[in-house]
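Visitor: Once you've had a glance at the structure underneath, I'll fire off some questions.
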Amino acid sequence: MNKTFKEPSRDIKVCHEADVVVVGGGPGGHSAAVAAARNGARTVLIERYGHLGGMASGGLVILIPHMSDGGKEPQIAGLCLEWMNRLAKIPGGMVGPTLDEVGSSDPRVLARWKNHFSAIVDGKIRLTWTVDPEMLKCILNDMVEEAEIKLSLHSWGTQAIVEKGAVKGVIFESKSGRQAVLGKVIIDGTGDADLLPTAGVEFDGALDAKLRSSMLALVFRVGNCDFKKYNDFREKDPKKAQELSGELAKAAGTFFLPIAGHRDDVVWVNNWIPGLKSTDVDDLTKLEVSVRRMMRKGFEFMKKNFPGFENSFILDTASQTGTRGSRRLVGEHIVTAEDMNSSRKFDDTIAVIPKIAPGGSGGCAYIPYRALVPVKMDGLLVAGRSFSSDKIANDSMNLIPHCCAMGEAAGTAAALAIKQGISPRKVDYKTLQKTLVKQGAVLPGINIA
């Protein structure tokens, strides 16, 4: 339909003014807001759902993987590691290898974690945890309250306010109507770079249909399972287990992968639905309806045929659509597949990413601060998977811990810029790196002297 409606001009109430305004409370946005506030910036955080954590909580992507490269030290720490430390103090809050076990090839340790997805790569323990999504929501709230961040949940950031080549604020919609928040630095932590189009900032929305990041998901969980019984079956009869997996896909109409949850009687079921866009409301609607239909068929098959699922039930479906990739900033540096594969280091590296694929050359990839900074527009940074990158690099470097690391860097940089009265693009790289390390982040292999 080509019909249009001309929206009448109106005055928008400014409900808050702050130093830093973050839109999106997922791993990247939450980390950005906490980092900014802890570094002294008056911070507002706007989140469209009624909870924080994004994919890691509402999306039920409860695996926080690959924070180390197989060695004994993590490559990602900082706020992401703080999540884990806080959850570890809550009974049942998380499950995964301890820091002392990271890098171990001890057969006893490997046996303990062999059924936990991504915990073992190339025969060594990697720092990978599975979390209780409800407890994660709670500790993320705690971190925001402790940092005295002004939080607005159920609020959808819809438009950037731009004046004289700089982003000055955000318009958002909520049950209170349309309101505005003004800030000195605005951080887009939406994952889909929702602010970039209205800010007039260049972005790349191209996706490769063969890559993980082009596919959507609606994760669901199954309760009252005996996951140990299921894994014992898979180990004793891998051929039959593989046959059942194929039959499950035929019965459901798509591939479903049951993955260990944060407790032995709960699994989360991941899926990869092609041909849909996370920025198209019709596609999002189609995903929600179609996957729930396929879920019912798939669950009935698992209950009848998978050992350990005999008395199971559908526990819940994700309140948040599983999105893996969409708009990516065109920034001062575009991280490429060549950068990633060659382990290219940058003078302004702000995140070190362990390479994921087993059997590869190992090592890490590196994300520069410039990948968070638009080429022209001032007053704006991105945090999370919308960092400036090509399709292949983004596909491998946009997982939850990666987004936390980039968010922490963006929030820290925003606070430094405000303290110095400069544009975020002019923040001194070494000062930023030293500040990140001082507050608990790690940048192994990077000279920050």
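Visitor: Need at least 1 residues that are over 22 Å from residue 81 (Cα atoms) and out of contact with any Cys (no Cβ under 7 Å at 6 or more places or on another chain) per element, so show me which strands (runs of 3 or more DSSP E) inside region 348-435 make the cut, counting only ones lying wholly within it. Lay out the reasoning, then the answer.
Guide: Details: elements: 349-354, 364-368, 380-382.
Output list reads 380-382.
Visitor: Here's a follow-up. Among the residues in region 70-79, are any part of a loop (DSSP other than H, G, I, E, B), without any contact (Cβ under 8 Å) to a residue 60 or more places away in the chain and over 30 Å from residue 116 (Cα atoms)?
Guide: Keep residues of region 70-79 that are part of a loop (DSSP other than H, G, I, E, B), which gives 70-73, 75-77.
Then drop every residue that is not without any contact (Cβ under 8 Å) to a residue 60 or more places away in the chain, which leaves 71-72.
Retained after the next criterion (residues that are over 30 Å from residue 116 (Cα atoms)): none.
Checking region 70-79: not a single residue is part of a loop (DSSP other than H, G, I, E, B), without any contact (Cβ under 8 Å) to a residue 60 or more places away in the chain and over 30 Å from residue 116 (Cα atoms).
Visitor: Take residue 314 and tell me if it is surrounded by 14 or more Cβ atoms within 10 Å (Cβ to Cβ), hydrophobic (A, V, I, L, M, F, W, C), over 28 Å from residue 396 (Cα atoms) and touching a Gly at 6+ places or on another chain (Cβ under 9 Å). Show your work before the answer.
Guide: Numbers: surrounded by 14 or more Cβ atoms within 10 Å (Cβ to Cβ): yes; hydrophobic (A, V, I, L, M, F, W, C): yes; over 28 Å from residue 396 (Cα atoms): yes; touching a Gly at 6+ places or on another chain (Cβ under 9 Å): yes.
When the stated conditions are applied, residue 314 passes them.
Visitor: A further question follows. So is residue 125 surrounded by 22 or more Cβ atoms within 10 Å (Cβ to Cβ) and either more than 21 Å from residue 398 (Cα to Cα) or free of Cβ contacts under 8 Å to residues at least 60 places away in the same chain (or both) or not?
Guide: Working: surrounded by 22 or more Cβ atoms within 10 Å (Cβ to Cβ): yes; either more than 21 Å from residue 398 (Cα to Cα) or free of Cβ contacts under 8 Å to residues at least 60 places away in the same chain (or both): yes.
When the stated conditions are applied, residue 125 passes them.
Visitor: Separate question: Could you please let me know if residue 283 is part of a helix (DSSP H, G or I) and at pLDDT 95 or above?
Guide: Working: part of a helix (DSSP H, G or I): yes; at pLDDT 95 or above: yes.
It is true that residue 283 is part of a helix (DSSP H, G or I) and at pLDDT 95 or above.
Visitor: Look at region 301-322 and say how many of its residues are in a helix (DSSP H, G or I) and either aliphatic (A, V, I, L, M) or in contact (Cβ under 8 Å) with a residue 40 or more places away in the chain (or both). Working first, answer last.
Guide: Here is the first cut: in region 301-322, the residues in a helix (DSSP H, G or I) are 301-305.
Among the residues that remain, those that are also either aliphatic (A, V, I, L, M) or in contact (Cβ under 8 Å) with a residue 40 or more places away in the chain (or both) are: 301-302, 305.
Summing the residues that are in a helix (DSSP H, G or I) and either aliphatic (A, V, I, L, M) or in contact (Cβ under 8 Å) with a residue 40 or more places away in the chain (or both) in region 301-322 gives 3.
Visitor: Is it the case that some residue within region 415-427 is under 28 Å from residue 216 (Cβ atoms) and among the polar types (S, T, N, Q)?
Guide: Of all residues in region 415-427, those under 28 Å from residue 216 (Cβ atoms) come to none.
No, every residue in region 415-427 fails to be under 28 Å from residue 216 (Cβ atoms) and among the polar types (S, T, N, Q).
Visitor: If you don't mind, another one. Return yes or no: is residue 340 assigned by TED's automatic domain parsing to the domain that holds residue 67 and touching a residue at least 12 places away in the same chain (Cβ under 8 Å)?
Guide: Numbers: assigned by TED's automatic domain parsing to the domain that holds residue 67: yes; touching a residue at least 12 places away in the same chain (Cβ under 8 Å): yes.
For residue 340, the condition - assigned by TED's automatic domain parsing to the domain that holds residue 67 and touching a residue at least 12 places away in the same chain (Cβ under 8 Å) - is met.
Visitor: If you go through region 213-246 one residue at a time, how many are of a type outside the set (Asp, Glu) and either modelled with pLDDT under 95 or over 23 Å from the mean Cα position of the chain (by Cα) (or both)?
Guide: Of region 213-246, the ones of a type outside the set (Asp, Glu) are 213-225, 227-231, 233-234, 236, 238-242, 244-246.
Subsequent filtering for residues that are either modelled with pLDDT under 95 or over 23 Å from the mean Cα position of the chain (by Cα) (or both) retains 223-225, 227-231, 233-234, 236, 238-242, 244-246.
The qualifying residues number 19.
Visitor: Find the residue count for region 248-269, including only residues that are surrounded by fewer than 18 Cβ atoms within 10 Å (Cβ to Cβ) and in a strand (DSSP E or B).
Guide: So the count comes out to 1.
Visitor: With 101, 82 as the choices, which residue is in a loop (DSSP other than H, G, I, E, B) and acidic (Asp, Glu)? Don't jump to the end; show me each part of the working.
Guide: Values: 82 fails: in a loop (DSSP other than H, G, I, E, B).
The match here is 101.
Visitor: Then there's this: If a residue has to be surrounded by fewer than 19 Cβ atoms within 10 Å (Cβ to Cβ) and farther than 13 Å from residue 396 by Cβ to count, how many in region 339-351 make the cut?
Guide: 5
Visitor: Filtering region 195-224 down to residues that are part of a loop (DSSP other than H, G, I, E, B) and touching a Phe, Trp or Tyr at 6+ places or on another chain (Cβ under 9 Å), which residue is farthest from residue 386 (Cα to Cα)? I'd like the intermediate steps shown before the answer.
Guide: Within region 195-224, the first condition is being part of a loop (DSSP other than H, G, I, E, B), and the residues that meet it are 195, 200-202, 205-211, 215, 218-219, 224.
Those still in the list that are touching a Phe, Trp or Tyr at 6+ places or on another chain (Cβ under 9 Å) too: 215, 219, 224.
On the way: 215: 16, 219: 22, 224: 37 Å.
The selected residue is 224.
Visitor: How do the strands (runs of 3 or more DSSP E) wholly within region 131-194 filter down when requiring 3 or more residues that are at positive phi, at pLDDT 95 or above and in the same structural domain as residue 61 (by TED's automatic domain parsing): which remain? Give the derivation first.
Guide: Details: elements: 150-152, 156-163, 166-174, 177-188.
By residue number, no strands (runs of 3 or more DSSP E) qualify.
Visitor: Please verify whether residue 304 is charged (D, E, K, R) and closer than 24 Å to residue 232 by Cα, treating the condition exactly as stated.
Guide: On the way: charged (D, E, K, R): yes; closer than 24 Å to residue 232 by Cα: yes.
Here the answer is yes, as residue 304 does meet what is asked.
Visitor: Next up: Return the only residue of 78, 24, 96 being closer than 17 Å to residue 191 by Cα and surrounded by 24 or more Cβ atoms within 10 Å (Cβ to Cβ). Let's see the steps before the verdict.
Guide: Numbers: 78 fails: closer than 17 Å to residue 191 by Cα; 96 fails: closer than 17 Å to residue 191 by Cα.
It is 24.
Visitor: Name the single residue that is nearest to residue 176 (Cα to Cα) among those in region 120-140 being in contact with a strand residue (DSSP E or B) (Cβ under 8 Å, 6 or more places away or on another chain) and not hydrophobic (A, V, I, L, M, F, W, C).
Guide: Checking each candidate, the answer is 132.
The values are calculated or read from the model by the stated rules, or taken from the named source; none is laboratory data. Predicted model only: the values in this text are computed from it and were never measured. Positions of Cβ are backbone-derived with ideal geometry, glycine not excepted, and every protein chain shown enters the neighbour counts.
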